[in-house]
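First up is the structure itself, then whatever we jot down about it.
The values are calculated or read from the model by the stated rules, or taken from the named source; none is laboratory data. No experiment lies behind these values; they were computed from the predicted model shown. All Cβ positions, glycine included, derive from the backbone under ideal geometry; neighbour counts span all protein chains shown. With ligands, DNA and RNA removed, areas are computed over all heavy atoms of the protein, side chains included. Shrake-Rupley method; radii C 1.70, N 1.55, O 1.52, S 1.80 Å.
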Amino acid sequence: MVRMSAEERRESVVRAAMSEFARGGYNGTSTEAIAKRVGVSQPYLFRLFPGKKAIFLAAAERCLDDTRRTFEDASEGLRGEEALHAMADAYTRVIAEEPERLLMQMQMYVAVAAAEQAGDHELGEAVRAGWMRLWDAVHLPLGADAGETTTFMAYGMLINCLVAMGFPPRHRVWEGLYPDARIEGRLEH
(Lines give C-alpha, C1' and ligand atoms only; values in the text may rest on other atoms or scores of the structure.)
Protein backbone atom coordinates (compact mmCIF):
# COMPACT_ATOMS: atom_id res chain seq x y z
CA MET A 1 0.00 0.00 0.00
CA VAL A 2 1.38 3.40 -1.02
CA ARG A 3 1.31 6.00 1.72
CA MET A 4 0.10 9.49 0.89
CA SER A 5 2.26 12.48 1.66
CA ALA A 6 0.92 15.15 4.01
CA GLU A 7 0.29 17.36 0.96
CA GLU A 8 -1.71 14.62 -0.76
CA ARG A 9 -3.71 14.08 2.44
CA ARG A 10 -4.26 17.82 2.69
CA GLU A 11 -5.60 17.80 -0.88
CA SER A 12 -7.91 14.92 0.01
CA VAL A 13 -9.18 16.87 3.00
CA VAL A 14 -9.90 19.95 0.86
CA ARG A 15 -11.85 17.88 -1.68
CA ALA A 16 -13.79 16.08 1.06
CA ALA A 17 -14.44 19.36 2.85
CA MET A 18 -15.87 20.91 -0.31
CA SER A 19 -18.31 18.02 -0.59
CA GLU A 20 -19.29 18.06 3.07
CA PHE A 21 -19.58 21.85 3.38
CA ALA A 22 -21.51 22.02 0.09
CA ARG A 23 -24.17 19.79 1.60
CA GLY A 24 -24.18 20.87 5.24
CA GLY A 25 -22.81 24.40 5.30
CA TYR A 26 -20.22 25.63 7.75
CA ASN A 27 -22.24 25.18 10.92
CA GLY A 28 -23.89 21.94 9.85
CA THR A 29 -20.68 20.13 8.92
CA SER A 30 -18.51 18.44 11.51
CA THR A 31 -14.80 17.91 11.22
CA GLU A 32 -15.60 14.32 12.16
CA ALA A 33 -17.58 13.93 8.91
CA ILE A 34 -14.70 15.37 6.90
CA ALA A 35 -12.16 13.10 8.60
CA LYS A 36 -14.38 10.08 8.07
CA ARG A 37 -14.81 10.88 4.36
CA VAL A 38 -11.03 11.11 3.95
CA GLY A 39 -10.34 8.08 6.12
CA VAL A 40 -8.22 9.82 8.73
CA SER A 41 -8.64 10.51 12.42
CA GLN A 42 -9.69 13.93 13.68
CA PRO A 43 -6.32 14.41 15.43
CA TYR A 44 -4.59 13.80 12.10
CA LEU A 45 -6.98 16.24 10.41
CA PHE A 46 -5.93 18.88 12.93
CA ARG A 47 -2.27 18.21 12.19
CA LEU A 48 -3.02 19.22 8.61
CA PHE A 49 -5.25 22.19 9.46
CA PRO A 50 -5.42 24.15 12.73
CA GLY A 51 -9.22 23.99 12.89
CA LYS A 52 -12.55 23.83 11.10
CA LYS A 53 -12.36 27.44 9.96
CA ALA A 54 -9.00 26.80 8.25
CA ILE A 55 -10.48 23.78 6.48
CA PHE A 56 -13.46 25.85 5.33
CA LEU A 57 -11.18 28.64 4.12
CA ALA A 58 -9.07 26.16 2.13
CA ALA A 59 -12.23 24.65 0.58
CA ALA A 60 -13.63 28.10 -0.23
CA GLU A 61 -10.36 29.19 -1.81
CA ARG A 62 -10.25 26.01 -3.90
CA CYS A 63 -13.83 26.50 -5.04
CA LEU A 64 -13.19 30.10 -6.11
CA ASP A 65 -9.86 29.23 -7.75
CA ASP A 66 -11.42 26.35 -9.70
CA THR A 67 -14.17 28.66 -10.95
CA ARG A 68 -11.66 31.37 -11.86
CA ARG A 69 -9.63 28.82 -13.84
CA THR A 70 -12.83 27.71 -15.60
CA PHE A 71 -13.36 31.28 -16.81
CA GLU A 72 -9.71 31.78 -17.75
CA ASP A 73 -9.50 28.54 -19.69
CA ALA A 74 -12.78 29.20 -21.50
CA SER A 75 -11.87 32.75 -22.51
CA GLU A 76 -8.24 32.14 -23.46
CA GLY A 77 -7.52 34.02 -26.68
CA LEU A 78 -11.09 35.38 -26.87
CA ARG A 79 -12.52 38.84 -26.23
CA GLY A 80 -15.91 40.46 -25.99
CA GLU A 81 -18.97 38.52 -27.06
CA GLU A 82 -16.98 35.39 -27.93
CA ALA A 83 -15.41 35.35 -24.45
CA LEU A 84 -18.78 35.98 -22.80
CA HIS A 85 -20.42 33.02 -24.52
CA ALA A 86 -17.44 30.72 -23.96
CA MET A 87 -17.34 31.55 -20.24
CA ALA A 88 -21.13 31.22 -19.87
CA ASP A 89 -21.06 27.86 -21.62
CA ALA A 90 -18.14 26.62 -19.50
CA TYR A 91 -19.78 27.73 -16.26
CA THR A 92 -23.14 26.15 -16.99
CA ARG A 93 -21.30 22.93 -17.88
CA VAL A 94 -19.47 23.03 -14.54
CA ILE A 95 -22.57 23.52 -12.44
CA ALA A 96 -24.38 20.79 -14.36
CA GLU A 97 -21.47 18.36 -13.99
CA GLU A 98 -20.16 19.46 -10.57
CA PRO A 99 -23.20 20.58 -8.57
CA GLU A 100 -21.20 20.50 -5.34
CA ARG A 101 -19.12 23.42 -6.60
CA LEU A 102 -22.28 25.48 -7.02
CA LEU A 103 -23.52 24.47 -3.58
CA MET A 104 -20.14 25.26 -2.03
CA GLN A 105 -20.34 28.75 -3.52
CA MET A 106 -23.77 29.28 -2.02
CA GLN A 107 -22.59 27.98 1.36
CA MET A 108 -19.60 30.35 1.25
CA TYR A 109 -21.85 33.37 0.89
CA VAL A 110 -24.09 32.24 3.76
CA ALA A 111 -21.05 31.51 5.95
CA VAL A 112 -19.58 34.95 5.25
CA ALA A 113 -22.84 36.68 6.19
CA ALA A 114 -23.15 34.66 9.41
CA ALA A 115 -19.51 35.19 10.38
CA GLU A 116 -19.66 38.92 9.71
CA GLN A 117 -22.85 39.18 11.76
CA ALA A 118 -20.96 37.54 14.62
CA GLY A 119 -18.06 39.99 14.23
CA ASP A 120 -15.64 37.59 12.49
CA HIS A 121 -14.35 39.24 9.31
CA GLU A 122 -11.56 36.80 8.36
CA LEU A 123 -13.79 34.54 6.29
CA GLY A 124 -15.41 37.48 4.51
CA GLU A 125 -12.07 39.03 3.65
CA ALA A 126 -10.80 35.76 2.18
CA VAL A 127 -13.96 35.04 0.17
CA ARG A 128 -14.19 38.63 -1.10
CA ALA A 129 -10.53 38.48 -2.22
CA GLY A 130 -11.22 35.23 -4.09
CA TRP A 131 -14.38 36.67 -5.59
CA MET A 132 -12.44 39.70 -6.84
CA ARG A 133 -10.00 37.33 -8.58
CA LEU A 134 -13.07 35.83 -10.27
CA TRP A 135 -14.25 39.31 -11.22
CA ASP A 136 -10.85 40.15 -12.72
CA ALA A 137 -10.74 36.86 -14.66
CA VAL A 138 -14.04 37.83 -16.31
CA HIS A 139 -13.44 41.58 -16.54
CA LEU A 140 -10.47 41.57 -18.92
CA PRO A 141 -11.91 39.21 -21.56
CA LEU A 142 -15.09 41.30 -21.54
CA GLY A 143 -13.08 44.35 -22.57
CA ALA A 144 -12.57 45.68 -19.03
CA ASP A 145 -16.12 47.01 -19.22
CA ALA A 146 -17.59 47.25 -15.71
CA GLY A 147 -21.16 47.07 -17.02
CA GLU A 148 -20.49 43.90 -19.03
CA THR A 149 -18.68 42.30 -16.12
CA THR A 150 -21.46 43.20 -13.70
CA THR A 151 -24.09 41.79 -16.05
CA PHE A 152 -22.12 38.57 -16.55
CA MET A 153 -21.60 38.09 -12.82
CA ALA A 154 -25.24 38.95 -12.11
CA TYR A 155 -26.39 36.31 -14.59
CA GLY A 156 -24.05 33.83 -12.92
CA MET A 157 -25.53 34.55 -9.50
CA LEU A 158 -29.04 34.25 -10.93
CA ILE A 159 -28.12 30.88 -12.42
CA ASN A 160 -26.66 29.80 -9.06
CA CYS A 161 -29.88 30.74 -7.27
CA LEU A 162 -32.19 29.13 -9.84
CA VAL A 163 -30.23 25.87 -9.83
CA ALA A 164 -29.93 25.86 -6.02
CA MET A 165 -33.70 26.35 -5.74
CA GLY A 166 -34.27 23.45 -8.13
CA PHE A 167 -35.96 25.19 -11.05
CA PRO A 168 -36.14 22.62 -13.85
CA PRO A 169 -34.28 23.36 -17.09
CA ARG A 170 -37.36 24.18 -19.19
CA HIS A 171 -39.04 26.40 -16.61
CA ARG A 172 -39.98 29.87 -17.86
CA VAL A 173 -37.51 31.55 -15.45
CA TRP A 174 -34.70 30.47 -17.79
CA GLU A 175 -36.17 32.18 -20.88
CA GLY A 176 -34.44 35.53 -20.37
CA LEU A 177 -30.93 34.09 -20.21
CA TYR A 178 -28.71 34.10 -23.26
CA PRO A 179 -28.64 30.64 -24.82
CA ASP A 180 -25.14 29.67 -23.61
CA ALA A 181 -26.17 30.41 -20.03
CA ARG A 182 -29.25 28.21 -20.10
CA ILE A 183 -29.18 24.96 -18.20
CA GLU A 184 -31.56 23.19 -20.59
CA GLY A 185 -30.07 19.96 -21.77
CA ARG A 186 -27.35 20.05 -19.11
CA LEU A 187 -29.24 19.09 -15.97
CA GLU A 188 -31.28 15.98 -15.55
CA HIS A 189 -34.38 16.59 -13.43
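Here is the tail figure for the stretch 63-127: Cα pairs spaced more than 17 Å apart come to 51 percent of all pairs. Residues considered: Glu148, Glu20, Glu72. Largest GNM mean-square fluctuation over the chain, using C-alpha springs under 10 Å, is found at Glu148.
Averaging 1/r across all pairs of distinct Cα atoms in the chain and inverting the result yields a Kirkwood radius of 17.6 Å.
Highest mobility in the GNM of the chain, judged by mean-square fluctuation with C-alpha springs under 10 Å and restricted to Arg172, Arg79, Arg93, is found for Arg172. For the chain, relative contact order (Cα pairs under 8 Å, six or more residues apart, normalised by length) works out to 24 percent. A Cβ-based charge dipole, computed about the Cα centre of the stretch 97-150 with Lys and Arg at +1 and Asp and Glu at -1, lands at about 40 debye. Accessible surface computed residue by residue for the chain, with neighbouring protein chains in place and a 1.4 Å probe, gives 53 Å² per residue. Dipole orientation for the chain: of the candidates Val127, Gly28, Pro169, Gly28 has the Cα lying most toward the positive pole (charges on Cβ; Lys, Arg +1; Asp, Glu -1).
Charging the Cβ of each Asp and Glu at -1 and of each Lys and Arg at +1, and nothing else, the dipole of the chain about its Cα centre rounds to 820 debye. Largest mean-square fluctuation among Arg133, Arg68, Arg170, in a Gaussian network model of the chain whose springs join Cα atoms under 10 Å apart, belongs to Arg170.
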